[in-house]
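A short write-up of the structure that comes next.
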Amino acid sequence: MRWRLRSWEADAHESLGQSAEAAGLYAEAAHLASGMNRAVMLQEQAALHLQLGQPEAAKAALDQARPLYAARPSPDEAEEQGLNLATWHYLRAQALLNLGQPSAAHDMIREAARLEAQYGDPSYGVALVRGQVLTHLGLTEQALEAFGEALRLSADSDRPYANHELGVALLDLDRPVEAREKLEAALSDPEYPYLPEVLADLAECDYRLGRLPEAQQEAEQALSQGAVVPASLVLGSVALDYFQLDDALDHYERVIREAAPGSRDWLTASQMAADVMAQQGFPNPAAAYAYAQQALSHTPESDDWHVTLQEHLRRAGELLAQQGAQGGRTLN
């Protein structure tokens, strides 16, 4: 029973928001338990590692849990094992998605959904993660269906998460009126932890609807509350529409500094920074060359941006060569 005591202690720490301590206690509980109980403790540990932004650690705990499941469970154990195994696949999908492996995550979340259907009922969590995986795979219409299912299955505390995901998916499909409705529903919950991000997404809705003053105000509020990357992208777009090129460049450079290199937001900001510098007449050709080069390395040839970036790279390179030639002259 020592493993169960550690499990209760972990539950208590988790309820107090002490996730790191709880993860350590679940690890102790797993060490003391055996069989499926050990697997469940490892999965609880993995879930907390995911909350803490530690997908590698979550994956390692899940690797230990999987061999503990019986190949042929008894009829009395089949349902319990099936549901726990569904949770294992659900957690594994999240770990793989956070490690940049959406195709493998898709296989995991489909198996989680199959096991749920076989041994229990569809869950909000599996539907939500399925939508997130489909979004990363670029299957936005299918993601929209999954998020809609998540909303139908959600409890009150889960509803803002589903509404937020639905709003972002509708934005990706360029349906800002419908997106705004879902985002406002998410914003109405004061306990939702991602309210600054919702504000930034609302700003994007208003920008697409041509409501520039509202978009700017919402984005500035979102920026002040910590949603730096999405708010700065909207502010950059608004500044461009107002022909405030210096301000637009400042916003895009902030995104380049803050966003994960290679991410969609980072790429968009790199493309736009190079383009703004071109509109300014390349006052800093070295910076323009660097932005165009890093954006080009992540832009497929089929993308319309590819030709534009090549031209910016060529022109910035010519200006750099001219500066080098002028700097190398000897004055008489």
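Note on residue 117 and residue 158: with the Förster distance fixed at 22 Å, the Cβ-Cβ geometry gives a FRET efficiency of about 0.65.
Within the accessible surface of segment 102-258, defined with a 1.4 Å probe on protein heavy atoms only, the carbon and sulfur portion equals 47 percent.
Could you tell me the calculated FRET efficiency between residue 311 and residue 11, based on Cβ-Cβ distance and R0 = 45 angstrom, to the nearest 0.05? Efficiency, rounded to the nearest 0.05: 0.15. Taking Lys and Arg as +1 and Asp and Glu as -1, the other residues whose beta-carbon sits under 12 Å from that of residue 203 total -4. Adding -39500 (n - 2.57) for every DSSP H run of four residues or longer, then dividing by how many residues the chain holds, sets the calculated 222 nm ellipticity at -25500 deg cm²/dmol. Here the Karplus curve 6.51 cos²θ - 1.76 cosθ + 1.60, taken at θ = phi - 60°, turns the phi angles of segment 147-153 into couplings of 5, x, 5, 4, 5, 5, 8 Hz, with x standing for Gly and Pro. Expressed as an acute angle from 0 to 90° and rounded to the nearest 10, what is the orientation of the C-alpha long axis of helix 228-241 relative to the principal long axis of the chain? Result, in degrees: 30. The packing ranking of peptides 227-233, 315-321, 281-287, highest mean first, is 227-233, 315-321, 281-287, where packing means the average number of other beta carbon atoms within 10 angstrom of each residue.
Shape of segment 225-332 from its Cα gyration tensor (a ≥ b ≥ c, root eigenvalues): rounded if a/c is under 1.5, otherwise prolate when a/b > b/c, or oblate? Prolate shape, in that a/c is at least 1.5 and a/b is the bigger ratio.
Using a cut-off of 12 Å between beta-carbons, work out the net charge of the residues near residue 97 (Lys and Arg +1, Asp and Glu -1, residue 97 not included). Intermediate results must be reported in sequence, preceding the final value.
Numbers: positive: 59, 92, 130; negative: 107.
That sum, taken over residues with Cβ under 12 Å, equals +2.
Which of the peptides 169-177, 245-253 is most tightly packed, and how do the rest follow, going by the mean number of other Cβ atoms within 10 Å of each residue? It would help to have the intermediate numbers written out before the result.
Values: 169-177: 17.3, 245-253: 19.7.
Highest-to-lowest ranking by the protection proxy: 245-253, 169-177.
Here the chain was treated as a single set of alpha-carbon atoms; its pair distances binned every 10 Å from 0 give 6, 19, 27, 21, 14, 8, 3, 1, 0, 0 percent.
Gain on full extension, evaluated as 0.36 nm per residue between residue 257 and residue 297 minus their Cα-Cα distance, stands at 12.7 nm. Across every direction, the projection of the convex hull enclosing the Cα atoms of segment 68-160 has a mean area of 6.6 nm².
Legend: calculated FRET efficiency, residue 172 to residue 194, from the Cβ-Cβ distance at R0 = 25 Å, rounded to 0.05, equals 0.90.
The values are calculated or read from the model by the stated rules, or taken from the named source; none is laboratory data. Every value quoted in this text rests on a predicted model; they were computed, and no experiment measured them. Methodologically, a virtual Cβ is constructed for each residue, glycine included, from the backbone with ideal geometry; neighbour enumeration extends over all protein chains shown. Please note that ligands, DNA and RNA were not included when accessible areas were found on the heavy atoms of the full protein model with its side chains. Shrake-Rupley method; radii C 1.70, N 1.55, O 1.52, S 1.80 Å.
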